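In what follows, a structure is listed as structure tokens, so that the remarks can point back to it.
Every number in this text was worked out from the coordinates using simple rules, so none of it is lab data. Computed from a prediction, not measured in an experiment: that's the story for all the values here. Positions of Cβ are generated from backbone atoms using ideal geometry, with glycine treated the same way; all protein chains shown enter the neighbour counts.
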Amino acid sequence: MRTGRTGTAAALAGALALVAFAAPAAEAADTGITVTDMVVNDGKPIVVGISEEKFPGVDFRVTWPPGHTPSTIDAFPYLYHGTTAEAGAEDGGIHMASVTLYDDSPTSADCEGYLYIDPRHTLDSNNDATTWKIAVTARLWDESDTRIKAEERLTGFGSVQVKRAARVGVNASPEPVAKGGTITVTGSATRADWGRHAYVGYGDKLAKLQFRKAGTSTYTTVKTVRASSTGALRTTVTAAADGYWRWTFSETSTTGGATAKGDYVDVK
């Protein structure tokens with residue numbers, strides 16, 4: 001799309017597709033461009049931490065009016081929430097970093113690309129952990145590639161959840177421990193705070209304590225414990241056999257799940 005190339009594949013990339021969003025203004029008008037088969041991040045929630053950049057994949061199909069080619073159209077998916085599609089395209093949205101177009105007819109193509117999320121800049125509030133709508137910026141350009149003939153925001157592609165990443169640690173002690181003795185299992189549940197750009201205590205979170213006996217491959221839940229207001233986890237169990245202890249909890253509408261790596265305790 002606006003790559004100046006046609007054939008099996010045409011690619012648009014670089015500078016987070018800033019060219020697409022720094023174009024001359026045009027009045028909203030029907031472009032005749034249609035987008036179908038939209039899938040973002042394989043249909044899964046997008047879970048984001050405090051510093052790691054994320055590149056959720058996007059797949060869709062685009063059709064354009066006769067007389068145009070991939071070099072004279074734009075179709076850029078983006079995510080927005082808490083505003084209109086128009087406002088979300090200009091400010092506060094999650095935008096495409098790259099898109100590749102595989103044209104299989106004179107007026108249509110399958111496309112794949114990825115969005116770009118930097119939690120240090122794209123997400124600035126925990127209120128961003130919510131449902132984001134999917135929209136597309138569609139444009140028709142003239143052959144000189146300097147003037148937009150028509151531009152519109154296409155909507156109705158569904159939504160995707162953006163969630164705060166979570167972590168949980170574990171420590172089981174003492175080790176070794178006598179059979180029938182008491183094992184104390186502690187840990188800490190935390191989740192990303194996009195305002196502070198740090199992991200903070202996941203207070204009052206329900207976590208499962210699980211055990212895997214040495215020589216086996218399956219964990220079973222021993223008990224469920226509620227974290228303190230600061231996310232601290234603590235409980236005791238009776239030592240019965242060698243094995244691994246871990247904390248785990250499931251995702252919610254705003255926060256991803258987390259599972260600790262098992263901590264081995266030798267029972268004598």
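With the largest listed first and rounded to whole Å, the semi-axes of the equivalent ellipsoid of the stretch 85-177 from the Cα gyration tensor are 41, 18, 12.
As a proxy for reagent exposure, ranking Leu209, Leu101 by other Cβ atoms within 10 Å from fewest up yields Leu209, Leu101.
Using the Cα centre as the reference, give the magnitude of the dipole from point charges on the C-beta atoms of the chain (Lys, Arg: +1; Asp, Glu: -1; all else neutral), rounded to the nearest 20 debye.
Values: 27 positive and 30 negative charges, 396 e Å.
Result for the chain is approximately 1900 debye, rounded to the nearest 20.
Annotation: peptides 131-143, 62-74, ranked by per-residue average of other Cβ atoms within 10 Å with the highest first, follow the order 131-143, 62-74. Expressed as a fraction of 2.2 N^0.38 Å, the value expected for a compact globular protein of N residues, the C-alpha radius of gyration of the stretch 10-163 is 1.01. With 23 Å as the limit, the listed pairs Lys208/Lys261; Lys163/Lys223; Lys208/Lys268; Lys205/Lys261 have Lys163/Lys223; Lys208/Lys268 beyond it between alpha carbons. Taking every alpha-carbon pair in the stretch 166-265 and binning the separations at 10 Å intervals from zero gives 16, 47, 26, 9, 1 percent.
Neighbour counts of other Cβ atoms within 10 Å put Tyr202, Tyr219, Tyr264 in the fewest-to-most order Tyr264, Tyr219, Tyr202.
The relative contact order of the stretch 10-163 comes to 32 percent, based on Cα pairs under 8 Å that sit 6 or more residues apart.
Expressed as cubic angstrom per residue, what is the convex hull volume of the alpha carbon set of the chain?
Values: hull volume 37.5 nm³, N = 268.
So the per-residue Cα hull volume is 140 Å³.
Compute the whole-percent fraction of alpha carbon pairs in the stretch 224-268 spaced more than 17 Å apart. Mind dumping the intermediate values first?
Working: 463 of 990 pairs.
I get 47 percent for the Cα pairs in the stretch 224-268 exceeding 17 Å.
Listed by Cβ neighbour count within 10 Å, with the fewest neighbours leading, Met38, Met96 appear as Met38, Met96.
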